[in-house]
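Worksheet: one structure, shown below.
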Amino acid sequence: MVRQPELALPGVFITLAALGLLLLTMASPVVRTRWFAAALTLISVLEMGLNCSLTWDKMLDGTLKVNPTDFYYYVESVEPAISEAKKMEEGFYRIEKTFQKDQNDAMLFSYNGLSHFSSTEQAYLMRFLEKMGFQNYFNIWSAYFGGSTADADALLGVKYLLSNEDQTARKGYELVSTPYGIGLYRNPNALPLAMLADPEIMDVDTESGSYFDMHNAIWSGLTGNPQQILLEETAVQISSENLTSTHQEDGSYLYIKEDPTQSASLRFEITISRELPLYFYFTAPVEEQRVSLLI
């Protein structure tokens with residue numbers, strides 16, 4: 001869940017006041033004089049200084065989620081694992097983490113990652129990463145969080161993974177070391193930035209169909225081998241309480257409460273036929289909803 005930033009009323013008031021002063025200055029007779037530039041500079045410095053002071057106070061009193069003490073200890077604990085991963089080998093490869101301090105940790109530690117926050121990012125790229133198992137927030141932030149499958153990590157070149165959870169059993173990665181208690185894992189199946197592929201890869205549709213079908217289509221297009229690498233468990237029984245379901249065009253089901261005032265539940269009973277990791281994908285609206293997932 002992404003916490004929405006609180007509206008800082010003093011900061012808004014300062015900005016509006018500065019805007020008002022700028023408009024008054026532009027409307028005054030001094031616009032064409034040398035004093036105009038000085039007035040603009042003074043107003044801008046006052047606005048930035050006051051807002052900086054408010055932000056600094058919040059950082060020191062712990063109001064903001066990133067305060068100096070937490071930030072310092074986070075960098076000190078994560079940097080050794082990042083540095084060790086960088087020393088492993090040369091060339092282009094990606095590093096990811098199943099945890100984060102903020103949206104652009106890759107820029108903070110200067111490594112090639114996939115998680116990224118940008119208001120100017122292409123929407124189709126964010127949708128693609130969402131289908132790779134990333135959290136997609138309004139097409140401006142894609143977050144790894146370890147939700148992707150092992151095949152997605154291999155395809156996107158994630159060669160080293162930092163995690164506080166065991167990835168040897170979960171994804172088959174090799175544990176390299178544990179600096180400061182953080183597990184540094186190596187992915188032996190990570191692909192390079194560029195590779196040879198069959199021409200069929202150009203025909204893969206990444207916009208429609210189920211997420212798992214798209215993964216299989218990508219690998220079939222890359223190798224020319226129609227064999228599926230993600231296998232569906234067919235022995236599934238679904239039961240629901242206080243819910244109605246509607247079949248969607250992409251093959252998924254949309255569940256809506258019959259009585260919005262009452263609680264609802266959805267139950268999946270699955271017979272696991274293979275000793276392999278089992279993946280689920282649940283789509284949901286961005287709006288905050290209280291949902292408990294029990295396994």
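Kirkwood radius for segment 243-295, taken over all pairs of different Cα atoms as the inverse mean of 1/r, rounds to 13.8 Å.
Only Cα pairs under 8 Å and 6+ residues apart enter the sum, and on that basis the relative contact order of segment 134-265 stands at 14 percent.
Size check on the chain: the Cα extents along the three principal axes, sorted descending, read 79, 57, 42 Å.
Using a probe of 1.4 angstrom and keeping all protein chains present, the accessible surface of the chain works out to 67 square angstrom per residue. Filter the DSSP H helices in the chain by two things, a Kyte-Doolittle mean of at least 1.0 and an axial alpha-carbon span of 24 angstrom or more, and list the hits by number. Once both thresholds are applied, what remains is 9-27. Using a probe radius of 1.4 angstrom, the carbon and sulfur fraction of the accessible surface of segment 177-224 is 58%. When both segment 180-235 and segment 118-144 are represented by their alpha-carbon centers, they are found 18 Å apart. Across the chain, the relative contact order, built from alpha-carbon pairs under 8 Å that are at least six residues apart, equals 11 percent.
The modelled label-to-label distance between Tyr124 and Ser263, using points 7 Å beyond Cα along the C-beta direction, is 4.5 nm. Identify which of Trp56, Trp141, Trp219 has the largest mean-square fluctuation in a Gaussian network model of the chain, with springs joining Cα atoms closer than 10 Å. Checking each option, the largest mean-square fluctuation is seen for Trp56. Taking amide H atoms as placed 1.01 Å from N in the peptide plane, the amide H of Val176 lies under 5 Å from those of Leu184, Tyr185, Arg186, each 5 or more residues away in sequence or on another chain. Under the criterion of Cα pairs below 8 Å and six or more residues apart, the relative contact order for segment 74-166 equals 32 percent.
The values are calculated or read from the model by the stated rules, or taken from the named source; none is laboratory data. Note that the structure is predicted; figures quoted are calculated from it, not measured. Note that each Cβ is placed from the backbone with ideal geometry, even for glycine, and that neighbours are counted across all protein chains shown. Areas reflect the complete protein model, heavy atoms only, side chains present, ligands, DNA and RNA absent. Shrake-Rupley method; radii C 1.70, N 1.55, O 1.52, S 1.80 Å.
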